[in-house]
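Trainee: This is the structure I have questions about; it appears just below.
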């Protein structure tokens, strides 16, 4: 290609339209598209058809253009289901036309059919399924081109990875840090030439960049449907095509290795990759990026006006630095796993070798009496570990181990291989993945729990690979790694948590014979604060580590690490050390479907198994933490230590009914009454919010003699028969049979999308209550009660309009009825501004029902009422509840209310809630799909609507499932299920709120959310 002044060779859209008409007799509008060499235009003609017009630069090689045209003709007869541009002939029947531009330059012109869809760069998000389809489509293309040949394909070409060492001539264009990275890949590429040069070759597309890949219009399940622009096609190593597609597709990912694996899997499905090709893929990807950044550096000087030439520079450098930090060996093993090969090439040899070995655990600990293994469970779901406060207390943990040893003399306490452990869910073990934070929770070794100073000996000969001392707070004390040779491979054994003094006799490179002392187990002070034990691990490769080899890994990488670090018990074959296997989720789901109630539902498209709670987080069986934004049952945080302890302490003494004297019931009563107005001074304790509302209805009947109840549309008050009868959410929903005779429903008082909208709607909705009172009176009956939540939860977090509750209460009381405030969802400080929801409206109900939050997950609820109501209820029929007010429940409830006060959680709800509400309203300005943000404290709703205020249920459902992918639990509510509800544990922080907003903003930018 001859270099010319860019301004003298540029083709305008108007010129393109003229060329189109003259050479192809098509009238159409031209729109300029990016391109490195050709000048490309999208053409839309008068018949609704689209084309791509390609105008070459002057003096373009005709063989080059013929090569492209013949390649497209070959693909037009593809055996596989390929979509590729088709050649349109000009008025003379030629596939390549010729023009003379306004500067007198002769130019070649081609017209191709347009592939409808979206370019890769415009698609958001790029899911694993989409990445897989990219690999699958590129693999199909490579397979189809295997039997295509053309002499021009063998040309010298700077974008060919095989010819990439030309980049060495331009290292002076870069700074020291940049050169270090470039030189690394150039050196590795030269090192691999012996293998690389022997790899199979084909003609490949060679340029599946983010503007050459076409994706379907399906916004929820998009697929790659085509690759376009064959101008860079070349005869080269087949693996280069996968390297190029990968290099562009994984830009802007937090974890590029994680992102590339589905591409490789898809490619391998269509075009079977050979193990030797996978060995060079990591470096090939790096070299494509080296070409890209080098070309950008050159083009800055050569054609500074051509922005397209610089389009990938920054993301290419960002990726190159991230890729440089990836272990080449680990990437290779990951690629193998993605293709269905054993991740580590020597894994099967190691396992075969161990079958013929006679090695024993006794050889590790020769001073110990021969013992059988007592396996111990330290997994996330372990009941032995118990509460976080217990397993973090090393003295208590050691005490429990000693108790096991006393009860089981002659055993060796051990275990832990592939255990997901809760110890590693702290920030120290986390990284930002492509789907939020993930933690290294999976334990890769076996722990042997023995006293400090227990000698550890070599069970076979080895060379000292490294000796390391780490006295840090979370360190491992003394660490020794030995290298062993076996047949035609090597492996390493790792000994962690040794005393530092005991390993100083070892020198790197020295030989340790079978039976030699390695070291002694370290005590607390040099063992990272851990109870003395040996961490014993096997690895078939040290990757890029000299020492401090990972002892735990990420669940997402488990298949690779399991191959790289095989079960150490393969050496010893002890029956007691077999790793515990989790019951697969699909089996749990199948059993539920067969034996549990058919109306029970599971959350999310792909359900989650939760095994542990911690504050504002739920943790699954693999140790993945999920930020919980919807569980208001765990009012003061999941498994709050003070609440758990209160229950455990009382459960160890007595738990019986309230017929006996016990101080706990009085203590809980005092804690509740302290928060209520003086008028509400009598309490009854029950087990659930449903029971509380059921009891409130009984009180209503006793106090008024009436049965008619007025309630809100879409209100929900419990799952008992009486509660269902007053819950529009249930009887007006699927499977319901409408309102019973004695239930009267007023319209949902929603000032955003309700019957009355805007300001000053409170009196209008109150009049709806008055109309129902009149209706009851016309039937010759009296009104028993009005029951309503201060913020209607199932209605979509609906705040009651100003003035509504005051006036409605007045109407009801004037008619002789009582007013019930259902505080099951909103009470106990959640409102921030007030402790109870009714206090937001300056009213005092006659009866208050309290539920879920009071027990923090324990079944506990209460009914508070006036003395007058209580006296009328005590009509001679005794009220007794076997479990209501039992000492354990009361101890837990009192602890919950004390925590709310001591930790100032009501103030936290106000502060964090106001911050979150403000940030959500800012999101609403950015994304019109958010029609309304409402609620108080940590009880908020976000409603999704279109421009005509029609509900967007599908978008709300999409958001909660996408947020789950990022480790954030959300849920929907409202009559149209288009409202995101936010009602997290009260320990939710501003940092949590910021994380929620960050990921919400990310999801709201996705294609599906912007297509309503």
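Each reported figure results from applying straightforward, stated rules to the coordinates on display, with no laboratory input. Worth saying up front: this structure is predicted, and the values here are computed from it rather than measured. Reconstructed Cβ throughout: ideal geometry from the backbone, glycine too, with neighbour counts over all protein chains shown.
Trainee: So how far apart, in nm, are the two label points at residue 774 and residue 881 if each is 7 Å from Cα heading toward Cβ?
Mentor: With each label placed 7 Å out from Cα toward Cβ, I get 3.8 nm.
Trainee: Right, here's the next one. Calculate, in nm to one decimal, what residue 178 and residue 10 gain on full extension: separation in residues at 0.36 nm each, minus their alpha carbon distance.
Mentor: Full extension of this stretch gives 57.2 nm more.
Trainee: Roughly how far apart, in whole Å, are the Cα centres of segment 195-250 and segment 355-403?
Mentor: 51 Å
Trainee: Order 876-887, 315-326, 932-943 from most to least packed using the mean count of other Cβ atoms within 10 Å.
Mentor: With the highest mean Cβ count within 10 Å placed first, the list reads 932-943, 315-326, 876-887.
Trainee: Using a 10 Å cut-off on Cβ atoms, rank the peptides 243-254, 45-56 from the highest mean neighbour count down.
Mentor: Ranked from most to least packed, the peptides come out as 243-254, 45-56.
Trainee: Turning to a different aspect of this structure: Show me the ranking of peptides 657-663, 591-597 by mean Cβ neighbours inside 10 Å, starting with the highest.
Mentor: 657-663, 591-597
Trainee: Residue 517 label point, 7 Å along Cα→Cβ, cut-off 17 Å on backbone N: hits in segment 421-464?
Mentor: 451-459, by backbone N distance to the label point.
Trainee: Could you tell me the calculated FRET efficiency between residue 814 and residue 721, based on Cβ-Cβ distance and R0 = 35 angstrom, to the nearest 0.05?
Mentor: Once rounded, the FRET efficiency stands at 0.70.
Trainee: For the residue pair residue 86 and residue 298, what label-to-label distance in nm results when each label sits 7 Å from Cα along the Cα-to-beta-carbon direction?
Mentor: The answer from the label model is 3.8 nm.
Trainee: Next question. How many angstrom separate the Cα center of segment 503-556 from the Cα center of segment 724-785?
Mentor: Using only Cα atoms to place each centre, the spacing works out to 70 Å.
Trainee: Right, here's the next one. Subtracting the Cα-Cα distance from 0.36 nm times the residue separation, let me have the gained length for residue 588 to residue 63 in nm, one decimal.
Mentor: Gain on extension, residue 588 to residue 63, equals 182.7 nm.
Trainee: Quote the FRET efficiency, to the nearest 0.05, computed for residue 911 versus residue 871 with a Förster distance R0 of 41 Å and r equal to the Cβ-Cβ distance.
Mentor: 0.50
Trainee: Turning to a different aspect of this structure: Taking Cα centroids, how far is segment 54-80 from segment 409-481 in Å?
Mentor: One Cα centre to the other: 58 Å.
Trainee: Can you compute the helix-only [θ] at 222 nm over the chain? Use -39500 (n - 2.57) per DSSP H run of at least 4 residues, normalise by all residues, nearest 500 deg cm²/dmol.
Mentor: Estimated from H runs of four or more residues: -10500 deg cm²/dmol.
Trainee: What is the gain in length, in nm to one decimal, between residue 460 and residue 314 on full extension, counting 0.36 nm per residue of separation less the C-alpha to C-alpha distance?
Mentor: Taking residue 460 through residue 314 to full extension adds about 47.4 nm, to one decimal.
Trainee: Between residue 767 and residue 842, what FRET efficiency follows from the Cβ-Cβ distance if R0 is 25 Å, with the result rounded to 0.05?
Mentor: Efficiency for this residue pair is about 0.80.
Trainee: Normalising by the residue count of segment 6-114, find the relative contact order in percent from Cα pairs under 8 Å and 6+ residues apart.
Mentor: 24 percent
Trainee: So what is the relative contact order of segment 119-338, in percent, for Cα pairs below 8 Å that sit 6 or more residues apart?
Mentor: 31 percent
Trainee: At residue 998 and residue 193, where each label point lies 7 Å from the Cα along Cα→Cβ, what is the point-to-point distance in nanometres?
Mentor: Spacing of the two 7 Å Cα→Cβ label points: 4.6 nm.
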